[in-house]
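*Asks:* Following this message is one structure expressed as structure tokens.
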Amino acid sequence: MPLFYTAISKVFSNIDYEIELLYVDDGSSDDTLNSIRKVQKLDPDHVHYLTFSRNFGKEAAMYAGLQNVTGDYVGIMDVDLQDPPELIPKMLAEIENNNYDVVGSRRVTRAGEPKIRSFFARMFYKLINKISETEIVDGARDFRIMTRQVVNSILTVTEYNRFSKGIFSWVGYKTKYLEYENRDRVAGETSWSFWKLLQYSIDGIISFSEAPLSIAVWVGLATSIGSLVAIFIIVIRTLLYGDPTAGWPSMVSIFLLVSGVILLSLGIIGKYIGKIFIEVKNRPVYIIKEKK
């Protein structure tokens, strides 16, 4: 926290903007909150924080931050300094001088990431942009600066199952992305494992595309047609050549195929129903334990 505060303060000391920093502690179990409190005591006029009653996730933290800031321009950043603070003046200049509503950041390389993770990340962006009407920019980070109008529009999207990269694109507005080379975090380790990222990707696809449901329908239709064709062939063969003894391996294979398709289709439908179930409960996206 002190490293981030120092870096941000240095940036804003060279530009003519008043800064408000709002730290969001997502129910951390380490010494994060105490570090935030120390920074807040050093600069109580410009530094504020809120902490959750438990871990609600990154999406809830961003939503809470957007709901509790007051500036005309609002930025989102990670405190590990993977998001380069030196881009902030350029972002503000683009908004002020070129009438952009949003200026975001986009990594042009994934240096330092495991190759398998980078591969699946690229495949995710290709897939979701083919099956969704909302464009998700490859390499785009959550790090961005937005006008108050954009923030207010994002806050009208009150769904519990949030995928902010999609929401940022869905609300529209004139947007520009500044490119930069990937950099390592200054401190700490990521809590995003491969499986968490995979689950996050699935949530994103479900939130912004009905294609999986369509795929289930078409696969089910193709399987049904194939089964009818197979039955027709078997009947004709029986009428022409009698009823030879059928081999059990082929029968078992057909059963496994059909059962697999059924389970896959039910799984896809169940995933959507599960999201609907969570939404209709209308639970709060987060709960604040402490705010200052």
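*Asks:* Tell me which of these Arg122 doesn't satisfy, since it passes every other one: (1) surrounded by 12 or more Cβ atoms within 10 Å (Cβ to Cβ); (2) modelled with pLDDT of 75 or more.
*Replies:* Here Arg122 meets the rest and fails (2).
*Asks:* What is the one condition in (1) at pLDDT 80 or above; (2) surrounded by 14 or more Cβ atoms within 10 Å (Cβ to Cβ); (3) in a loop (DSSP other than H, G, I, E, B) that Gly172 does not satisfy?
*Replies:* Exception for Gly172: condition (2).
*Asks:* What pairs can you find where one residue is in region 269-292 and closer than 22 Å to Val24 by Cβ, the other is part of a loop (DSSP other than H, G, I, E, B) and hydrophobic (A, V, I, L, M, F, W, C), and their Cβ atoms are less than 8 Å apart, with a gap of 6+ or different chains?
*Replies:* Between residues of region 269-292 that are closer than 22 Å to Val24 by Cβ and residues that are part of a loop (DSSP other than H, G, I, E, B) and hydrophobic (A, V, I, L, M, F, W, C), the close pairs are Val285/Phe56; Tyr286/Phe56; Ile287/Phe56.
*Asks:* Right, here's the next one. Among the residues of region 8-55, what is the count of those that are of a type in the set (Gly, Ala, Ser) and exposed (fewer than 11 other Cβ atoms within 10 Å of the Cβ)?
*Replies:* Selection size over region 8-55: 2.
*Asks:* Restricting region 75-99 to residues that are crowded, with 17+ Cβ neighbours inside 10 Å and either in contact with a Gly (Cβ under 8 Å, 6 or more places away or on another chain) or not assigned by TED's automatic domain parsing to the domain that holds Ile8 (or both), which is nearest to Ile36 (Cα to Cα)?
*Replies:* Per the criteria, the residue is Ile76.
*Asks:* If you don't mind, another one. Does Ile95 satisfy the criteria of being of a type in the set (A, V, I, L, M) and closer than 19 Å to Tyr5 by Cβ?
*Replies:* Criteria not met by Ile95.
*Asks:* Can I ask one more? Can you pull out the residues in region 140-160 that are touching a helix residue (DSSP H, G or I) at 6+ places or on another chain (Cβ under 8 Å), assigned to a helix (DSSP H, G or I) and surrounded by 16 or more Cβ atoms within 10 Å (Cβ to Cβ)?
*Replies:* Matches in region 140-160: Val151, Ile154.
*Asks:* Moving on to the next point. Say we look at region 13-32 and pick out the residues that are among the hydrophobic types (A, V, I, L, M, F, W, C) and touching a residue at least 40 places away in the same chain (Cβ under 8 Å); which of these is farthest from Gln67 (Cα to Cα)?
*Replies:* Ile15
*Asks:* Shifting gears a bit: Residue check: is Asp101 among the acidic types (Asp, Glu) and over 23 Å from Thr156 (Cβ atoms)?
*Replies:* Answer is no for this residue.
*Asks:* Kindly indicate whether Tyr5 is modelled with pLDDT of 80 or more, among the hydroxyl-bearing types (Ser, Thr, Tyr) and surrounded by 18 or more Cβ atoms within 10 Å (Cβ to Cβ).
*Replies:* The answer is no for Tyr5.
The values are calculated or read from the model by the stated rules, or taken from the named source; none is laboratory data. Computed from a prediction, not measured in an experiment: that's the story for all the values here. Positions of Cβ are backbone-derived with ideal geometry, glycine not excepted, and every protein chain shown enters the neighbour counts.
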